[in-house]
1. Mind checking which of Val99, Val62, Val149 has the largest fluctuation in a GNM of the chain, springs on alpha carbons under 10 Å?
2. At 1.4 Å probe size, with the rest of the protein present, what percent of the exposed accessible area of the chain is carbon and sulfur atoms?
3. At 1.4 Å probe size, put Thr165, Thr156 in order of accessible surface, largest to smallest.
4. Can you pull the three principal axis extents for the Cα set of segment 26-70, in Å, largest first?
5. In a shell of Cβ-Cβ distance under 15 Å around Lys167, excluding Lys167 itself, what net charge do Lys and Arg (+1) and Asp and Glu (-1) give?
6. With every protein chain left in place, what is the accessible area per residue of segment 94-151 in square angstrom, probe 1.4 Å?
7. Compare Arg91, Arg50, Arg169 in a GNM of the chain, Cα atoms joined below 10 Å, and give the one with the largest fluctuation.
8. How much of the DSSP bridge set in the chain is antiparallel, in percent, rounded to the nearest 5?
Amino acid sequence: MIVNPAADGPCLALFPTAIGRCGMAWKGSTILATHLPEASDDQTIERLMRRSGAMSEGHPGVEARDAMAAISALLEGARVDLGFIACDFSRLDPFSAGVYRVARAIQPGETRTYGAIAAELGDKRLAQAVGHALGRNPWPIIVPCHRVVGTNNRLTGFSANGGLTTKLRMLAIEGARLGEAPALFGDLPLAIRPRQG
C-alpha cells in the first residue's frame, strides 16, 4: 500500500483491537467505513477498500484516531458511547439511514430485535428488510449491528468473518445478556426436580 499524502483524499488504516486488527477508512473528519478483522490483514484491507472507495493507507487525523481508540476500548469491555463519531449517511437510502440511526442508539450490553427496530421505523413487518440493511452496514461497531438479534433474543446471521461466533464474542465482551440464565435444575421436569428447602 502507498501512503496517501493528500490530507483531503480518502484513506484507510488497520488498528489493533481485542478481536483482531480492524480497519477504518475516512475522509477528513468523516468516517467512511469500518471493517471487522478478516483472516488476514490483506483481506481486511481489500474488503475495506471495496466498501469505502479508499485506495491507499494513510495516517489518521484526530477524528479517526479518536474513533479507533474508542472502538478499541469498547472491544476491551469499556462502556464507550460511539455516538460522537461522524459517519456520512448522505449516500444511503432513507430506510437504511433510519435503521442505522436507530441501531446507533443501542448501548453496549443491550440488544434490540429486528422487529423492534422495524416497529420504531413505522412497520413491524419490515424486520427482514432491517436485517438486510444491517447486513450491508458500512460501519460495524459504530453502527452496532452485532447488538441486533432475532425474536426471543435468538442469534441470527452475522456477515462478519466468523459469523455468529464473532457476534457472540462481541456481545460477551459488552456484557450483554441474551435471556435469563436457567436456574440449577430449572430445565428438569417438575416431577423430578429436587425439593426446595
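1. Val62
2. Of the solvent-accessible surface of the chain, carbon and sulfur hold 54 percent.
3. So, going from the largest accessible area down, we get Thr165, Thr156.
4. 28, 21, 15
5. Value of the local net charge: +3.
6. Result: 41 Å² of accessible area for each residue.
7. Arg91
8. Here the share of antiparallel DSSP bridges comes out near 65 percent.
The values are calculated or read from the model by the stated rules, or taken from the named source; none is laboratory data. Remember, it's a predicted structure, so these values are computed and weren't measured experimentally. Virtual Cβ from ideal backbone geometry, glycine too; neighbours counted across all protein chains shown. Please note that ligands, DNA and RNA were not included when accessible areas were found on the heavy atoms of the full protein model with its side chains. Shrake-Rupley method; radii C 1.70, N 1.55, O 1.52, S 1.80 Å.
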